1. Over the Cα atoms of segment 46-107, how large are the radius of gyration and the largest Cα-Cα distance (Dmax), in Å?
2. Can you tell me the order of 4-16, 55-67 when each peptide is scored by its average per-residue count of other Cβ atoms within 10 angstrom, highest first?
3. Hey, if you put +1 on the Cβ of every Lys and Arg and -1 on every Asp and Glu Cβ in the chain, which of Val12, Ser64, Gln113 ends up farthest toward the positive end of that dipole?
4. Could you give the angle, 0 to 90 degrees to the nearest 10, between helix 50-60's Cα long axis and the longest principal axis of the Cα atoms of the chain?
5. What do you get for Rg/Rh of the chain when both radii come from the Cα atoms and Rh is the Kirkwood radius?
6. Compute the distance in nm between two label points, each set 7 Å from the Cα along the Cα-to-Cβ direction, one at Arg115 and one at Leu66.
7. Which lysines, if any, have their Cα less than 22 Å from the Cα of Lys65, not counting same-chain residues under 8 positions apart?
8. Roughly how many debye, to the nearest 20, is the charge dipole of the chain about its Cα centre, given +1 on each Lys and Arg Cβ, -1 on each Asp and Glu Cβ, and no other charges?
Amino acid sequence: MRLDPESEPCFVISVVSKRVKLHPQTIRYYERQGLLKPSRTGGNVRLYSERDVSHVELIHRLTSKLGVNLAGVEVIIDLREKMERLREEIEAEHLRVVQELEKEVRELRARLQKRKLG
C-alpha cells in the first residue's frame, strides 16, 4: 500500500500558523467548529498534514475573501469532498470501460486473424 504524502501529519500548529499567516487560536477555532481534524500524537499534540494546511487556507479564503460563514464553509467543503469522490469513481469506471473495450478489440483482432489464416 502506497501512502499519500499529502496526508502525512508532520506540522505542529505554530508552523501551520506561520505558513498560513493565521493566529493559532483561529486554527483551533476551525477545529472546534468541526472544519479541521488534525492528527494527534500520544501527548495530544496536534499534527497537520499538507492537506490540512491547504484546508486551513481554503477555509480562510472562503471566510475572509468571499464572506462565507462557517456553516457555508462546511457545506462547500462537504460538496468538494463528494465531488472528488465522484470524480474518482468516474475515473475508475472510465478505466474499467477502456480496459474492457481494449480486451474486446484484442479478441476481435484475434478472431479476424484466424479467419484470414483459415
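1. Cα radius of gyration and Dmax of segment 46-107 are 18.5, 58 Å respectively.
2. Final packing ranking: 55-67, 4-16.
3. In the chain, that residue is Gln113.
4. It works out to around 60 degrees.
5. 1.31
6. Those two pseudo-labels are separated by 5.5 nm.
7. Partners found: Lys18, Lys21.
8. 320 debye
Bear in mind these aren't lab numbers, they're just calculated from the coordinates by the rules spelled out. Bear in mind that the values here come from a model prediction, so they are computed numbers and not experimental data. Cβ coordinates were reconstructed from backbone atoms using ideal geometry, including for glycine residues, and neighbour counts include every protein chain displayed.
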